[in-house]
Amino acid sequence: MANLTDTAVLGAAPRELPPRSGRSWLAPLKPYVGSPLNAVITFVCLWLIYRAVTGAWGWLVTRAVTEGGPQACKVGHGACWPFLAAKLRFMIFGFYPYEEHWRPALAVLFFLAAMIISMMPRFWSRRLLWLWLGVVVVCAVLMYGGIFGLPIVATTSWGGLPLSFMLSSVGLAFGFVLGVLLALARSSKLPAIRGIAVIFIEMVRGVPLVSILFMASVMLPLFMPDGVTIDKLLRAQVAIVIFAGAYIAEAVRGGLQAVQKGQHEAAASLGLGYWLSMRKIVLPQALKIVIPPLVNIFIGFFQDTTLVTIIGLLDFLDTVRAAMRDPNWQGIAVLEGYVFAALIYAVFSYGMGSYSRFVERRLKNDHH
């Protein structure tokens, strides 16, 4: 009793249990699922993703046929990997002579090596132009032949992945130069130059690439003198350059309009002429702004090279389709070829997108 009295006199508060928070075990998940309806939608989506992943894993791995031939794949219930093993070289190199496959393979390696070097900021200088000039010459010699004891392989036999690389890279490289010139012409204060640029851009952008390829393949020879022919591959390349240039021009023109007027006035106050101010001040800022739309154009044109089949050229996707039409495999390997092609296109498209984000961050840090 004495202890209790002393405690009461001193005014000490009696002990109380901490209040219950009232939070359920689902509270930590609330930021991720939100309302009950959103929670249901989230769990349904997760279940669908689970079923899709397990189904794809079963088709690609657990139920896949890894040995044998067409007969083994007929009785199987999964992916037919022997089809890829048998047709891989044809899908990559097309109708290029089988015993000469090392030549396009080496050309692709040189191309990819030059591409990787060009992507490193430490090598960004004018020497890259000489590097690419040498790579283009070496690849042309390897692909066509005619010297150093290499037999000549006509361009009609070129196909597969090397052809897709060549059409897209060369087309976008020259298309970029053409697009910048068209964008500057369309932004010009001279009515004649601006009008010609507007007519060219709108006419090209107003028709699909298929029609331009068709005109380059069928109609262009009709305007040539008798006995003069233009290589089919060159006609397709020129058509892609023209089409890419028109679309790149509009993207670059948007970047030119986004550059503040004060930049032009500052260049003029320094006594810089039109071309010098564009090259040193305006164009670098405009191109930095339009990196995302330019990358979208590049990815789209890398995938649009499949349209060259209309003029008789077989790019990578067309060689995959041709492999699936083999009588021994027809109706057996239906998805395997498309899955392989999709993987190749996805890898290169993702690589271009990732590199564009790296360039954006690099230029942003350099600016600050």
Projected area averaged over orientations for segment 138-283, convex hull of C-alpha atoms, nm²: 12.4
Mean-position separation - Cα centroids, segment 74-110 and segment 220-273, in angstrom: 36
Residues 360, 265, sorted so that the one with the fewest Cβ neighbours within 10 Å comes first: 265, 360
Pair residue 205, residue 50: separation of 7 Å Cα→Cβ label points (nm): 4.8
Extension gain, residue 274 back to residue 335 (0.36 nm per residue minus Cα-Cα distance, nm): 16.5 nm
Label-point gap, in nm, between residue 95 and residue 140 - each point 7 angstrom along Cα→Cβ: 2.4
C-alpha long axis of helix 191-205 to longest principal axis of the chain, angle in °: 80
Within segment 193-244, chymotrypsin sites (Phe, Trp or Tyr not before Pro) in DSSP loop having at most 11 other beta-carbon neighbours inside 10 Å: none
The chain, dipole about Cα centre (Lys/Arg Cβ +1, Asp/Glu Cβ -1), debye to the nearest 20: 900
Exposed trypsin sites (Lys or Arg not before Pro) absent: longest stretch of the chain, with sites in DSSP loops and at most 15 other Cβ within 10 Å deemed exposed: 190-324
Loop-located chymotrypsin sites (Phe, Trp or Tyr not before Pro) in segment 104-172 whose Cβ has at most 16 other Cβ within 10 Å (DSSP): 124, 148
Note, ³J(HN,Hα) from phi for segment 285-293, Karplus 6.51, -1.76, 1.60, rounded to Hz, x at Gly and Pro: 5, 5, 5, 5, 5, 9, 4, x, x
Normalised convex hull volume, segment 140-181, alpha-carbon set, Å³ per residue: 79
Separation between Cα centres of segment 150-173 and segment 124-149, rounded to whole Å: 13
Chymotrypsin sites (Phe, Trp or Tyr not before Pro) restricted to DSSP loop in segment 256-337 with at most 14 other C-beta within 10 Å: none
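No lab work stands behind these numbers, since they all come straight from the coordinates. Because the structure is a prediction, the values reported are computed rather than measured. Cβ atoms come from the backbone with ideal geometry, glycine included; neighbour counts cover every protein chain shown.
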